[in-house]
1. For the range 204-254, what class follows from the C-alpha gyration tensor (a ≥ b ≥ c being the square roots of its eigenvalues): rounded when a/c is under 1.5, otherwise prolate if a/b is larger than b/c, else oblate?
2. Select from MET140, THR201, GLY165 the residue farthest towards the positive end of the dipole of the range 130-206; place +1 on Cβ of Lys and Arg, -1 on Cβ of Asp and Glu, and compute about the Cα centre.
3. Where does the chain land at 222 nm, in deg cm²/dmol rounded to the nearest 500, when only DSSP H runs of n ≥ 4 count, each adding -39500 (n - 2.57), divided by all residues?
4. Cross-chain or 8 or more residues apart, Cα under 21 Å: how many lysine pairs in the range 222-322 fit that? Count them up, please.
5. Applying the Karplus parametrisation 6.51 cos²θ - 1.76 cosθ + 1.60 with θ = phi - 60° to the phi angles of the range 2-19, what ³J(HN,Hα) value in whole Hz is obtained for each residue in order, glycine and proline being reported as x?
6. With unit charges on the beta carbon (Lys/Arg positive, Asp/Glu negative), name the residue among VAL292, GLY114, LEU213 whose Cα is farthest towards the positive pole of the charge dipole of the chain.
7. Which loop GluC sites (Glu not before Pro) in the range 186-241, with loop taken from DSSP, have no more than 13 other Cβ atoms within 10 angstrom of their Cβ?
8. Tell me the label-point distance for the pair ALA322, ASP193, using the 7 Å Cα-to-Cβ offset, in nm and rounded to one decimal.
Amino acid sequence: MLEPGRDTLLVPLPLFHMYGMEGVQSAAFMGGLSMTLIANPRDVKGVLRTIRRERPAFICAVPTLLNSLLVHSMTKSGKVSWKSVKLCFSGAAALMSDTQQRFEELTGGVIVEGYSLTEAQMAVLANPVAGVKKSGSVGMPLPDVEILIVDPEEGSKQLAFGETGEIVFKAPQLMQGYWKRPEETKEMIRVSDTGERMLFTGDLGYLDEDGYLFIVDRKKDLIKTSGYQVWPREIEEVISSHPAVHEVGVAGIPDKMRGEKAKAWIVLNEGAKPTEAELKAWCRERLAPYKVPAKFEFVADLPKTQVGKVLRRALKEAEARAG
């Protein structure tokens, strides 16, 4: 698919992060690809101008940037050609199915998602480029990686296919530990009865019978409302599919009656003006009643990490400060 010595890899990622530093640079060196580095990925217009000028065949990015590129006026007006793109790798955060579909329709290329944690360096699993890709899955384990799903309470019982639990993996590239933080290290890295080191990710998911992993959400982000368990990612998938929505973050906020309730923070597409009632109706058609957010707030942007992952924790903290 990619041609060594001819194709270019677009890198809108900070090289101090594991994703860009070890993953993307290594892929370029091993694949014989030139790299086009983006100094400021938040400058979406600048990224699009670079795509128009350099015509990359391969892009490694995060979902929030991909979505911003897709909805930008330069893309919608046809001022940027995407037909040079053969392959895109998305990581660091959950890729919405709507973003994946729009990207592949626009480029004619393939977008694949991978999964890992900094504590395990680069991707421990990924979707196959030429093989079967399942909607909502982050793929299958790479060589020398073993994935386990265990009960989320104690982490001592391995669960069957289709059952949701904490994602644990064994791999040769696991970190030794956190610098001068032995307690946190013990929580994250545990040793099995057979002496194997295992990384407890804090993410919840399930494996299907073909070995594909589906991530449900972070354990710490679980919303418990009126005795029900609600996963923010499911709500985000529904809201992000609304044509007026550019980005969305969902988190649980305190509620005297329910314990917690879901709230959605929404960045709208330019010129879009949906009402809260319209978005709530959209959710009611696609979600169980107890999963529909109780509150919606329209914001100019969402707090993110330096690689573009939405910080739900920061959304909750801002809500608490606002009273």
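1. oblate
2. Farthest towards the positive end: MET140.
3. -7000 deg cm²/dmol
4. Value for the range 222-322: 29.
5. These are the phi-based 3J(HN,Hα) values: 8, 10, x, x, 10, 7, 10, 9, 8, 10, x, 9, x, 7, 7, 8, 4, 4 Hz.
6. VAL292
7. Answer by residue number: GLU196, GLU209.
8. That separation, rounded to one decimal, is 5.0 nm.
Since every read-out is calculated from the coordinates, none of them should be taken as a lab result. None of the values given here were measured: they were computed from a predicted structure. Cβ atoms come from the backbone with ideal geometry, glycine included; neighbour counts cover every protein chain shown.
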